[in-house]
1. Might you check whether a residue that is at pLDDT below 50 and part of a loop (DSSP other than H, G, I, E, B) occurs anywhere in the stretch 93-108?
2. Let me confirm something: among Thr262, Thr304, which residue is within 27 Å of the chain's Cα centre (by Cα), within 19 Å of His98 (Cα to Cα) and either among the small types (Gly, Ala, Ser) or open to solvent by less than 30 Å² (accessible area, probe 1.4 Å) (or both)?
3. Enumerate the pairs (first residue in the stretch 463-480 and open to solvent by 30 Å² or more (accessible area, probe 1.4 Å); second residue anywhere and among the β-branched types (Val, Ile, Thr)) with beta-carbon separation below 8 Å, excluding pairs fewer than 6 apart on the same chain, so at least 6 apart or on different chains.
4. Scan the stretch 724-764 for residues that are over 16 Å from Arg652 (Cα atoms), in a loop (DSSP other than H, G, I, E, B) and open to solvent by 20 Å² or more (accessible area, probe 1.4 Å) and jot them down.
5. Return yes or no: is Phe363 assigned to a helix (DSSP H, G or I) and not charged (D, E, K, R)?
6. Only residues that are hydrophobic (A, V, I, L, M, F, W, C) and modelled with pLDDT of 95 or more: list them for the stretch 638-675, please.
7. Open to solvent by 50 Å² or more (accessible area, probe 1.4 Å) and either farther than 30 Å from Leu441 by Cβ or free of Cβ contacts under 8 Å to residues at least 24 places away in the same chain (or both): which single residue out of Val590, Val546 fits that description?
8. Exactly one of (1) within 21 Å of Asn681 (Cα to Cα); (2) part of a helix (DSSP H, G or I); (3) under 28 Å from the mean Cα position of the chain (by Cα) is unmet by Thr606. Its number?
Amino acid sequence: MTLNQSIINGVAGIGFGMLSLLSCKNEDKRISLVEETESIDYASKVYTQLDTENSRWFFFSSASRPFGMVNLSPDTQIGGAWGSGYRYKTDTIKGFSHIHAWQMSGVSVMPVTTSEATKNTVYSDFYSKFSHDKEKITPGYHSVVLDRYQITSELTSTKRVGFHQYAFPKDQQAAILFNLNTLLGPCKNSEGVLEKNGVNEISGSLVMERTHRRPKPVTVYFKAILNTDIESVDQDSKTGNYLVNLADTNEKVLMKLGISYTSVENAANNINQELPHWSFDKVASQSKTEWNGLLGRIDVKGGTETDQKRFYTDLWHALQGRRIINDFNGAYPDNTGAEFRVGQLPVDANGKPKFNHFNSDSFWGAQWTINTLWGLVYPEIMDDFVHSLMQYYKDGGLIPRGPSGGNYTYVMTGASSTPFIVSAIQKGIIKEDLEGIYQALKKNHMLGGIMGKSGYEHTTNLGGGLKYYIEKGYAPYPIPEGKFGGHQDGASLTMEYAYQDWTLAQLAKKLNHNEDYDYFMMRSKNYKNVFDEKVGWMRPKNVAGVWKKDFDPYQPENGFIESNGAQSTWFVPHDIQGLAALMGGEAKAVEKLNNQFIQAEKLGFTAGNSHAQELHPEYSRIPINFGNQPSIQTSFVFNQLNRPDLTQFWTRNVISKTFSGLSPATGYNGDEDQGLMGSLNVLMKIGLFQMNGGTDDNPEYQIGSPIFDEIKIQLNPDYYSAKTFTIKTINNSPSNVYVSKVTLNNKSVKNYKVSQSDVVNGGELLLEMSNNPNQK
């Protein structure tokens, strides 16, 4: 079953209700286990404004479905990809935008009232103050009062249609401003046009101009239908924007706005298929039901009320950010070739797409996050994404690592999609055309493939240093040919490539490509070539093989990608034992990493509270950073070094000090990255992790230290035979963080590991907790 088939259409279910913001105080009592899952409103546990003081454009979503093409929410800042979107401390709304995606934005509208004095100035003077006291947010719904106009604005959506409900003050001219030509988050919107199609219908389009990361422009088309007549449509000669003046009405104004990246006709069809009625409350209720269906796949009991709210907020973030780009009928934008074309996804007997096509940021770091969470709890989503990645390959010849606007962006580095796809295959989620997938993945690991491209290297294939990695066994720093893109940091590149080669080798072995298996396994040892045994750290070396002079393992970047040498040294997820041997054995490796955690704890385990602070002198020298992906696996490294007690101790400390707050001021302390850090939080809190990203045969899960008394995971019957997998803890508390005994279905587990088959065959994992470490 695909994402399209399973969750594309919300169904009416539980009532809407419970729209007030979640209180974050006085929640220190542990919750009883007597709650029944059927009575739980999971969506009401989501604290939607978490970390919104540090938002970037695509971080915050309110009136949005899981992975929806439409991501409708208010914007308080609109200048640039970072520091934009819904920013909690900014008290002015500048519009309601329908697209908040990786390198994409568009169709910003604003309900206003006008008079003779303002009808000509409203195009450039329309922002409105608002108050959080008059704001209500829950997943799939947003209500806010625009103080300037005293308009109560309510927002919800289907997958591809934004649904607006406005209560205008009486006896004033009601209008809706379409701000189609503006800088909006990551890109400029231009060539915006709008026309009236009937008494209550309009349509139009705009161009999202190219960015440094997304090299080609993208057109978004829209169709809007109102429940009231349109009196007139005016266009401003200076801004090029449009004012849709509405006829007098005492009723709430409803507007359905469908979008498409292929045509106005498909935008209209998205409305016809997804929103043929006018019941705002019904759509909001359906959205909440859809969110509850996905959030409820993991039912947790115990912990504090704050623990549970933060958990479901983390899970909510794990299910958004990455966006559908195909229409209801499967039409999608293909920008991979020399000329733009409208592609068509394969459809089933009912004419519905067999999978969805996506826009997303990189899979850099996905091996420790969505690989595991989606693969276990949401296999249908992982299935969809793999098919989408392969569609890009069929269209453009490469599997992307972060597509935008139907095209490659070459975001970040390496072949980060390889572990994601291999994990889906090893878990039995993807079963067809394995040979074709393998050949597509292999292409990315060879000269001319995506691995050779540095960040945003659109026209050349040199910045990744792949030819040196193949010839010399490492990527040099600096790249001798020059600067071609971002992140040309040879030590990190070498480690990433080595790990990704290992994951590809596992698929080669599965398919009996024995020579390829040997070749990529040999390359997977290349990480050893950037480990300097004299200093005990990974260290960059130049093309002549000379180690970087004046090396400081705590200096950020300079050979390491969004990290320092101390953090990145542990990026060997496929061969921790081999890394330990380079350090002088397990005991010395444990001592080294433990000391890093002791020092990192003093700074709260993160390099500041936002991505922008990572290079700040006060934070950049932190030995372990849970605010960015390169070292988020490190607390589970202890498991691989036969010290599970330290995994349990440090993981619970990181959760407590870094990932337990409920506040607009804190949350992920860096960059949530479209579900990556939300997924990490979920996995740490349920006590399951996959060091190699679940890419080995019958992948194993390492056991951590869950914070809850019971975790019940609903397994998807279309992929797994069992109905549920349950984790229970005995004597769990903030002080009892150590796991003294493990049993799976009443059988003893000795090594703090369970396999994929163990988990998906269902049953109960029982953990006895203690305040005394078990070092055996």
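1. No, because not a single residue in the stretch 93-108 is at pLDDT below 50 and part of a loop (DSSP other than H, G, I, E, B).
2. Just one listed residue meets the conditions, Thr262.
3. What qualifies is Lys472/Val543; Pro480/Val543.
4. Matches in the stretch 724-764: Asn745, Asn746, Val749, Lys750, Asn751, Asn761.
5. Values: assigned to a helix (DSSP H, G or I): no; not charged (D, E, K, R): yes.
It is false that Phe363 is assigned to a helix (DSSP H, G or I) and not charged (D, E, K, R).
6. Filtering the stretch 638-675 down to residues hydrophobic (A, V, I, L, M, F, W, C) leaves 638, 641, 646, 649-650, 654-655, 659, 662, 665.
Within the stretch 638-675, Phe638, Leu641, Leu646, Phe649, Trp650, Val654, Ile655, Phe659, Leu662 meet the criteria.
7. Val546
8. (2)
The values are calculated or read from the model by the stated rules, or taken from the named source; none is laboratory data. The structure displayed is predicted, hence computed values, not measured ones. Glycine also receives a Cβ, built like all others from the backbone with ideal geometry; neighbour counts cover every protein chain displayed. Surface areas here come from the heavy atoms of the whole protein model, side chains and all, with no ligands, DNA or RNA. Shrake-Rupley method; radii C 1.70, N 1.55, O 1.52, S 1.80 Å.
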